[in-house]
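See below for the structure under consideration.
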Amino acid sequence: MSDQSHHQYSDDPINGFKPLSNGDGFSLPITGNDISRSQERVYGDSLMANGLALEETDEEDEEEEVDDDYVAVDHDDVNEYPYWFRRPPVHHRSKLDDLHPFVQVLTQANVDDCIAVEEAFPEQERCSREKFNYRLGRCPELCFGLFTLPILEPGQPKVRPTLVGHVIATRTSTPHVTDKAMELPADWKTERLTVVDGEAVGHDDDGSSIAIHSLAVLREHQGKQVASTLMKAYIQRIQEAAIADRIVLIAHDHLISFYESLGFENRGRSKCQFGGGGWTDLVLEFNTE
Ligand SMILES: CC(C)(COP(=O)(O)OP(=O)(O)OC[C@H]1O[C@@H](n2cnc3c(N)ncnc32)[C@H](O)[C@@H]1OP(=O)(O)O)[C@@H](O)C(=O)NCCC(=O)NCCS
């Protein structure tokens with residue numbers, strides 16, 4: 001078949017008909033070019049310009065005269081595959097998705113929000129209002145909150161985002177959390193740094209460890225991966241900002257494996273007696289080389 005014979009047919013739809021998208025069991029020639037190809041297949045070189053065969057061929061010849069370049073395509077499947085390839089990745093909506101969460105640095109404007117979240121702790125382990133004021137005022141860049149904001153209908157009044165979970169931290173020069181690092185310096189309103197017995201009390205601007213004093217999630221939102229999402233975001237931001245050598249914290253036994261899953265190492269029993277003691281030291285080192 002010469003190139004010329006292809007050019008005598010147009011690729012335009014015939015009589016305005018477009019190719020069928022799901023012509024099950026039907027194989028209709030739709031464009032001029034399709035006709036030329038289909039007839040070329042049937043009649044080989046014995047095709048006249050008007051599309052009629054020059055001579056009849058017997059059935060045996062038809063089967064033998066298959067063009068080497070001809071590749072049979074099973075059109076039954078054609079409509080199915082693009083559908084599967086175009087499907088978005090499977091994502092099952094989680095309880096966390098329903099919160100439309102976002103993570104943001106906390107400031108002293110969030111003290112009331114933090115007090116509400118802190119109620120997740122037993123009373124003796126809670127951070128006081130004054131400590132929140134001190135920590136959020138002294139080092140807000142180390143304190144993150146995960147907030148939720150409902151999707152509003154047009155015209156609905158704006159609402160304040162709800163703090164769902166928080167990470168509250170200060171800097172310390174010690175390689176693990178100590179009681180002094182957790183304390184509130186008596187003179188915090190007037191002094192930038194308080195040192196007692198050679199160790200800073202509370203936040204130490206020059207400390208290379210970030211000490212997390214509180215990870216808490218509102219009771220009604222626990223079990224929705226809020227803490228793990230917040231901690232992952234926190235670790236990533238601190239690591240990327242390269243502002244500390246390590247993150248340190250103390251935890252009770254039931255949460256050790258949770259922190260280990262985030263990359264923390266168990267360093268054994270803590271000397272910290274805060275809230276009655278019984279803590280384990282956990283450390284996440286950034287510069288391990
Ligand atoms: C601990 C706390 C922060 C977890 O918050 P959360 O948003 O419910 O936690 P997540 O849904 O992200 O859970 C992450 C993992 O934490 C672990 N975990 C959470 N709560 C736990 C509990 N009470 N006991 C044991 N493991 C627990 C699980 O391993 C869980 O993983 P899984 O869901 O795959 O089983 C929350 O329960 C809380 O505020 N508790 C009171 C304050 C507190 O104890 N803070 C920790 C200080 S060290």
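Just a few scattered comments:
- Neighbours of W279 by Cβ distance under 13 Å: Lys/Arg scored +1, Asp/Glu scored -1, total -1.
- For the stretch 183-200, Karplus couplings with θ = phi - 60° (6.51, -1.76, 1.60), whole Hz, Gly/Pro x: 6, 9, x, 4, 9, 4, 6, 10, 10, 7, 9, 10, 10, 10, 6, x, 10, 5
- Tensor-based shape of the stretch 95-285 (alpha-carbon gyration tensor, a/c under 1.5 rounded, otherwise prolate or oblate): prolate
Just so you know, all these numbers are worked out from the coordinates, no wet-lab data involved. Source: prediction; values computed, not measured. No Cβ is skipped: glycine too gets one built from the backbone with ideal geometry, and neighbour counts run over all protein chains shown.
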